[in-house]
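Novice: Below you'll find the structure I mean.
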Amino acid sequence: MATDLRARYAPLLAMSTDEVVTHSLVRDVTLPSGRTLALITLDNGHDYTRPNTLGPETLAELGEVLSRLRARASSHDIDAVAITGKRFNFAAGADLSNVGSIPSRDVALQLAQLGHEVLGSLGRLGVPSFTFYNGLALGGGVEIGLNSDYRTVDATVPAFALPETFLGLVPGWGGASILPNLIGIENALKVIIENPLKQNRMLKGPQVAELGIADAIFPSLNFLEDSLVWADKVIGGDIEVKRPHAPGRLERLAKWDLALGVARRTLEEKLGTVALAPYRALDLLKLAKGDDRAKGFAAEDEALADLISGDQFVASIYAFNLVQKRAKRPAGAPDKALARPVNKVGVIGAGLMATQFATLFVRRLKVPVVITDLDQARVDSGVAAVRRELEKLHEKGRIDGDEYGRLTGLVHGTTDRSQFADCDWVIEAVFEELGVKQQVFSDFEKIVGPEAILATNTSSLSVAQIGAQLEHPERLVGFHFFNPVAQMPLIEVVRTQSTDDATLATAMATAKNLKKTAVITRDAPGFVVNRVLAKVLGEAMNAVDTGTSFETVDHALDRIGLPMTPFELLELVGLKVGAHVLDTHHAAFPDRFFESENLHRLADYGKLYDRDGKGKKKGFDKKAVQIVAGGKTPMTAESFAERVEVGLADEIKRMLDEQVVAAPEDIDLCLILGAGYPFQAGGITPYLDRIGASEKAFGGTFHTPPIRGAASR
């Protein structure tokens, strides 16, 4: 098999000259019964910080090892085969480092077929096969076990998932075909569709066992020894492995199609229909009802080949690398050693945003947090809101009882501003009005120590103007969160010309300690996210003002695959806030950004959509439609969409020319993490390049060459 395998997959293997190979190291283990088990340990030769991955060379070597073990099994030299990983790590899935250089769909198909051939051979060894999940297991790592006869899992496994649909792929080495027939269709939908699309949610060891993916779970201390003893008893018939979650006849006849139908409708409502991977996964799960592995594997091959060679997957990998790599090395960040310690936090304001800040700071930094406002009633209400949020975290098991008590004790409120004197970090969450913010910081600068950082959460005002009355504007920094604060991972850290390196370094360290991703931006109107969103919302309101229907505008941009339509976004941020953002950007860039009197009237009315008792949209509110009526020059959906796309390309190019951020990658990172721009588009700049909007706007592209899949080259 070995020579033949390498010959058949030569085009694929030729791409893998720089692969970090995960080797398949074999040793014979004598089990308590005297039987011999051949134990394969996956090991790439690095420590636990570099997980095992499964590239073409790795798969070829594993295939060669399994071929030799099959020959030994036929000679009765071994009684079983098992696979485990190096310390703390099983396998993090396929090696995706070279996918951008896959030259054609044919080579992409080979990657799918090689995985199936090698992993599928685990069920054709002639002796029982076992997988011992001893650590991190993702994607193809999980599928090694699914192709084996039996599985155990370490109780301390921190991350176990099939994340492919998050990355624009499908579980294509058996996962989509085998898993639903192992744990049932509803559980499989959770693992393959639901969890990946919830920001790539992972399972832990106990959940793997509860779902029935693993047949047994053992403590970490003696995991390998316990797994070997268990395997020995399974081989000998002393343990009968039962799989209660496996689907029966009734599930296949009734529940299967119903569950898939619900999943499809949910996807359409939450994600739209632009992203290809989740829907291809649903097709594979539908086919899996027949439990025909050969047919399922062939369909997985075709799905993987289509997706790997397409634009969405390559864009997804670009986006994934931004989030995993560039986010950890932010452009323009000063020396980390300059950061000052933050041992006490002050929050100015006690409203919704302020209490979200206080909750996040106390939970992540675990330092005293003091809240103030104009009167004690507001302060008490704010402190109570923080404690309610901490109580919810405790009830959900996110924090234990001791931590809940400790964190609650760290939060207090006061109208006595002198209690801010020893704060190292003071952040305001007051009304978005320049004069108010200037007065607040002018007052508190006189109270806090000389090295205390002053942070503003402004979304649209000039940070430099906010600090214009400060004696020491060098310690003021923009620290712009996105709502909801706990969930949204981005912070725009805004540096003015006065902000010094120590302040900026402290802001970056604080963002990291809050477990947020920070992108440094110049002090320019709207920074990054709001400037882009203001462009979209301004164009949307202008189209309505000139006579285009709400319905036409609201769905004209569906092809981008945005998480919500323009008017859903406007409703989410608030009509008054939206009107203020448009006014601010129109004042800064009157030739490119629209203001809208109709939006102010809609804000006064307070409603855009007509909704039922459960909050589901029934259409646009009739009074809202009347408010904007009167325009005489409507646009078509196509002309509006093209106008927005070319306008975005133009505006983003201007932002880069103005050095608002260092590179297009930072624009994309901000929009992915701060506005939910889709992974399968790669953010916004690769999308604008692919559709030709960049060329129309400025005669070039943001990326050279444009980020495209093999099928589009």
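Novice: Out of the DSSP beta bridges found with both residues in region 124-258, what percent are antiparallel (nearest 5)?
Specialist: Numbers: 1 of 10 bridges.
So the antiparallel bridges in region 124-258 amount to around 10 percent.
Novice: Sticking with this one: Ordered by residue, what ³J(HN,Hα) values in Hz, to whole numbers, does region 212-222 give under the Karplus form 6.51 cos²θ - 1.76 cosθ + 1.60, where θ = phi - 60° and Gly and Pro are x?
Specialist: Using θ = phi - 60°, the values come out as x, 5, 9, 7, 8, 10, 9, x, 5, 4, 10 Hz.
Novice: Taking amide H atoms as placed 1.01 Å from N in the peptide plane, list the residues 5 or more away in sequence, or in a different chain, whose amide H sits under 5 Å from that of residue 55.
Specialist: 22, 95
Novice: Please list 3J(HN,Hα) in residue order for region 444-452, calculated via the Karplus relation 6.51 cos²θ - 1.76 cosθ + 1.60 where θ = phi - 60°; whole Hz, with x for glycine and proline.
Specialist: So the J values, rounded to whole Hz, are 6, 4, 6, 9, 7, x, x, 9, 5.
Novice: Continuing with the same structure: For the Cα atoms of the chain, what angle does the longest principal axis make with the long axis of helix 401-410, in degrees from 0 to 90, nearest 10?
Specialist: 20 degrees
Novice: Which of these values of Rg/Rh (Cα atoms, Kirkwood Rh) was calculated from the structure shown: [x] 1.10; [y] 1.01; [z] 1.36?
Specialist: Matching entry in [x] 1.10; [y] 1.01; [z] 1.36: [y].
Novice: Hey, another quick one. With runs of 4+ DSSP H residues as the only contributors, calculate the mean residue ellipticity of the chain at 222 nm using -39,500 (n - 2.57) per run, divided by the residue total and rounded to the nearest 500. Mind dumping the intermediate values first?
Specialist: Values: 29 runs with 325 residues, N = 713.
Computed ellipticity for the chain at 222 nm equals -14000 deg cm²/dmol.
Novice: Please report the spacing between the Cα centers of region 103-143 and region 181-200 in Å, no decimals.
Specialist: 19 Å
Novice: Total Lys pairs in region 324-434 closer than 18 Å by alpha-carbon, pairs eight or more apart in sequence or interchain only? Mind showing how you got there, number by number?
Specialist: Values: 325/336; 328/336; 344/366; 366/392.
The number of close lysine pairs in region 324-434 is 4.
Novice: Same structure, new question: Percent relative contact order of the chain, based on C-alpha pairs within less than 8 angstrom and at least six residues apart? Mind dumping the intermediate values first?
Specialist: Numbers: 1352 pairs, mean separation 76.2, N = 713.
Computed over the chain, the figure is 11 percent.
Novice: Considering the dipole of the chain built from charges on the beta carbon (Lys and Arg +1, Asp and Glu -1) around the Cα centre, which of 294, 39, 473 is farthest to its positive end?
Specialist: 294
Novice: Now a separate question. Let's see if you can work this out: charge +1 on each Lys and Arg Cβ, -1 on each Asp and Glu Cβ, no other charges. What is the dipole magnitude of the chain about its Cα centre, in debye to the nearest 20? Working shown, then result.
Specialist: Numbers: 79 positive and 91 negative charges, 208 e Å.
Result for the chain is approximately 1000 debye, rounded to the nearest 20.
Novice: At 1.4 Å probe size, with every protein chain present, just tell me what the per residue accessible area of the chain comes to in Å². Please report the intermediate quantities before stating the final value.
Specialist: Working: 29720 Å² over 713 residues.
Roughly 42 Å² per residue, with all protein chains present.
Novice: Using a 1.4 angstrom probe on heavy atoms only, work out the carbon and sulfur share of the accessible area of the chain in %. Each step should come with its number before you reach the end.
Specialist: Details: 15300 of 29720 Å².
Looking at the chain in its full context, I get 51 percent from C and S.
Novice: Just to be sure I understand: of the beta bridges DSSP finds with both ends in region 332-442, what percent are antiparallel, rounded to 5? Present the calculation step by step, with values, prior to reporting the outcome.
Specialist: Numbers: 0 of 11 bridges.
Looking only at bridges with both residues in region 332-442, the antiparallel portion is about 0 percent.
Novice: Amide H to amide H under 5 Å from residue 611: which residues, 5+ apart in sequence or cross-chain, H placed 1.01 Å off N in plane?
Specialist: When sequence neighbours closer than 5 places are left aside, the close amide H contacts are 618.
Novice: Size of the dipole of region 365-413 about the Cα centre, Lys and Arg at +1 and Asp and Glu at -1 on the beta carbon, nothing else charged, in debye to 20? Please report the intermediate quantities before stating the final value.
Specialist: On the way: 8 positive and 9 negative charges, 26 e Å.
The calculated dipole for region 365-413 is roughly 120 debye.
Novice: Would you please put 28-41, 549-562, 658-671 in order of how densely packed they are, using the mean number of other Cβ atoms within 10 angstrom per residue and starting with the highest? Each step should come with its number before you reach the end.
Specialist: Working: 28-41: 16.3, 549-562: 18.6, 658-671: 21.6.
By packing density, highest mean first, the sequence is 658-671, 549-562, 28-41.
Novice: Just want to confirm a number: the relative contact order over region 376-477, from Cα pairs under 8 angstrom separated by 6+ residues, in percent. List each step's numbers first, then the result.
Specialist: Working: 96 pairs, mean separation 24.1, N = 102.
Reported as a whole number, the value is 24 percent.
Novice: I've got another one for you. How high is the relative contact order of region 668-713, in percent, with contacts defined as C-alpha pairs under 8 Å that are six or more residues apart?
Specialist: Numbers: 34 pairs, mean separation 12.4, N = 46.
Once normalised by length, the contact order is 27 percent.
Novice: On to the next question. If the chain between residue 422 and residue 238 were fully stretched, how many nm would it gain, using 0.36 nm times the residue separation less the Cα-Cα distance? Please list the in-between numbers first.
Specialist: On the way: separation 184, 0.36 × 184 = 66.24 nm, distance 6.68 nm.
Computed gain between residue 422 and residue 238 is 59.6 nm.
Novice: Among DSSP bridges having both ends in the chain, what percentage is antiparallel? Round to the nearest 5. Before the final figure, lay out the partial values.
Specialist: Values: 15 of 60 bridges.
That works out to approximately 25 percent antiparallel.
Novice: Where a Cα-Cα gap under 28 Å defines reach, which lysines qualify for residue 618, not counting those fewer than 8 residues away within the same chain?
Specialist: Counting by Cα, and skipping residues close in sequence, residue 618 has these lysines nearby: 198, 270, 535, 576, 607, 632.
Novice: Let me ask something else. Sorted by packing (mean other beta-carbon atoms within 10 Å per residue), highest first, where do 633-644, 568-579 land?
Specialist: Details: 633-644: 16.2, 568-579: 18.2.
Listed from highest to lowest mean packing, they are 568-579, 633-644.
Novice: Mind listing the phi-derived Karplus ³J(HN,Hα) values for region 490-497, rounded to whole Hz, using 6.51, -1.76 and 1.60 with θ = phi - 60°, and x for any glycine or proline?
Specialist: These are the phi-based 3J(HN,Hα) values: 9, 10, 7, 9, 9, 9, 8, 5 Hz.
Novice: A follow-up question, please. Sorted by mean Cβ packing within 10 Å, highest first, what order do the peptides 115-122, 242-249 take?
Specialist: Details: 115-122: 22.9, 242-249: 12.0.
So the order, starting with the most tightly packed, is 115-122, 242-249.
Novice: Would you mind pulling out the separation of the Cα centroids of region 515-563 and region 357-387, in Å?
Specialist: 32 Å
Novice: What does the C-alpha gyration tensor say about the overall shape of region 437-531? Classify as rounded when a/c is under 1.5, otherwise prolate if a/b is larger than b/c, or oblate. Spell out each step's value before the answer.
Specialist: Working: a/c = 1.71, a/b = 1.39, b/c = 1.24.
The shape class here is prolate.
Novice: Considering only C-alpha atoms, what is the centroid distance from region 454-505 to region 667-701, in Å?
Specialist: The two parts, judged by their Cα centres, are 26 Å apart.
Novice: Tell me which aspartates and glutamates have Cα within less than 12 Å of residue 516's Cα, excluding those fewer than 8 residues away on the same chain?
Specialist: Straight-distance partners of residue 516: 492.
Novice: Under 23 Å Cα-Cα from residue 233, which lysines qualify once same-chain neighbours fewer than 8 residues away are excluded?
Specialist: Cα-Cα hits under 23 Å: 242.
The values are calculated or read from the model by the stated rules, or taken from the named source; none is laboratory data. Treat the numbers as computed from the prediction; the structure is a model and nothing was measured. When we count neighbours, we look across all protein chains shown, and the Cβ atoms used for this are built from the backbone with ideal geometry, even at glycine. When the accessible area is computed, the model is the full protein with side chains, heavy atoms only, and any ligands, DNA or RNA have been set aside. Shrake-Rupley method; radii C 1.70, N 1.55, O 1.52, S 1.80 Å.
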